[in-house]
Structure formats: C-alpha cells, structure tokens
Amino acid sequence: MRITEHPILQYQKGPKVSFTFDGQELEGYEGETIAAALHAAGVRILSHSHVAKRPRGFFCAIGTCSSCLMTVDGIPNVRVCVEKLRAGMRVETQKGKGVLR
C-alpha cells in the first residue's frame, strides 16, 4: 500500500521502526509521516467528526484540515499527515477534542 515509484518524486526510506497504534504494534519507516505508515498498515480511519461521529480518513495531507488529528505520545491534536515517524511512538485515536494527561 505504499507508493514505491513515481515519475517525478524520489522516495528515500529511513530504517524500519516499530511504533504502536491504539496498543497494536506496527512498523513503518523512520522519517515518513505517521499517516503514511498507518495507511501502509491498512488503517483508513484516522478520526471521527465531533458532532456526527462520521469516520474521517486521509484528506489534505498537508496539515491544514483536522481530519488526521491524533494523540501522539500523550500529546493531543497532532496532525499525523505532517508529523514524522520515530521509533517507539505511541499513536492513539483521539476521542473528541483530546485530553492532556
């Protein structure tokens, strides 16, 4: 589920790293966005709308919308479409507007 070849862009993979998503251990490449790693792992729902509770997926991919807000390492409202993956990150589906711990 990853783009590996592109006629214009070059993709440089970092080392493979482990992270957790809602308690499940997943793998991705260091330096790719969290959303890209989740997408490659088959995760299509990143959040839910606050009022109607409808699922939201990968939308703008440039950090301007709120469709990908998640809690990362205990910090709410992280835009995972632009946040780079690092080894050991704890990524969680955010409930509502997020709560600081």
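Scan the stretch 36-58 residue by residue and report those that are without any contact (Cβ under 8 Å) to a residue 12 or more places away in the chain, basic (K, R) and touching a strand residue (DSSP E or B) at 6+ places or on another chain (Cβ under 7 Å).
Residue satisfying the conditions is R54 alone.
Looking at K13, is it in a loop (DSSP other than H, G, I, E, B), charged (D, E, K, R) and touching a strand residue (DSSP E or B) at 6+ places or on another chain (Cβ under 8 Å)? Walk me through it before giving the result.
Values: in a loop (DSSP other than H, G, I, E, B): yes; charged (D, E, K, R): yes; touching a strand residue (DSSP E or B) at 6+ places or on another chain (Cβ under 8 Å): yes.
Yes, satisfied.
Would you please name the residue that is modelled with the lowest pLDDT, looking only at residues in the stretch 47-64 that are in contact with a His (Cβ under 9 Å, 6 or more places away or on another chain) and surrounded by 15 or more Cβ atoms within 10 Å (Cβ to Cβ)?
F58
If you go through the stretch 48-75 one residue at a time, how many are of a type outside the set (A, V, I, L, M) and on the phi > 0 side of the Ramachandran plot?
Going through the stretch 48-75, the residues of a type outside the set (A, V, I, L, M) turn out to be 48-50, 53-60, 63-68, 71, 73-74.
Next cut, on the phi > 0 side of the Ramachandran plot only: 53, 63, 73-74.
Of the residues in that region, 4 qualify.
For the stretch 74-101, name all the residues that are more than 23 Å from K13 (Cα to Cα) and in a loop (DSSP other than H, G, I, E, B).
Initially, the stretch 74-101 is screened for residues more than 23 Å from K13 (Cα to Cα), giving 74-77, 92-101.
Result: G74, Q94, K95, G96, K97, G98, V99, L100, R101.
Any idea how many residues of the stretch 15-29 are small (G, A, S) and farther than 18 Å from C68 by Cβ?
Quick first cut of the stretch 15-29, residues small (G, A, S) only: 18, 23, 28.
Restricting the remaining residues to those that are farther than 18 Å from C68 by Cβ gives 18, 23.
Residues meeting the conditions: 2.
Looking only at residues that are under 10 Å from the mean Cα position of the chain (by Cα) and under 16 Å from R86 (Cβ atoms) in the stretch 30-39, which one is surrounded by the most Cβ atoms within 10 Å (Cβ to Cβ)? Can you show your working first?
Our first condition is that a residue be under 10 Å from the mean Cα position of the chain (by Cα); within the stretch 30-39, this holds for 32-39.
Among the residues that remain, those that are also under 16 Å from R86 (Cβ atoms) are: 32-38.
Working: E32: 19, T33: 20, I34: 26, A35: 24, A36: 21, A37: 24, L38: 24.
Per the stated criteria, the residue is I34.
What number of residues in the stretch 76-98 are at negative phi, touching a residue at least 24 places away in the same chain (Cβ under 8 Å) and more than 13 Å from the chain's Cα centre (by Cα)?
2
Do we find that E27 is modelled with pLDDT of 95 or more, in a strand (DSSP E or B) and surrounded by 14 or more Cβ atoms within 10 Å (Cβ to Cβ) in this structure? Full working, then the answer.
Working: modelled with pLDDT of 95 or more: yes; in a strand (DSSP E or B): yes; surrounded by 14 or more Cβ atoms within 10 Å (Cβ to Cβ): no.
Answer is no for this residue.
The values are calculated or read from the model by the stated rules, or taken from the named source; none is laboratory data. Note that the coordinates shown come from a computational prediction; the quantities given were computed from them, not determined experimentally. Positions of Cβ are backbone-derived with ideal geometry, glycine not excepted, and every protein chain shown enters the neighbour counts.
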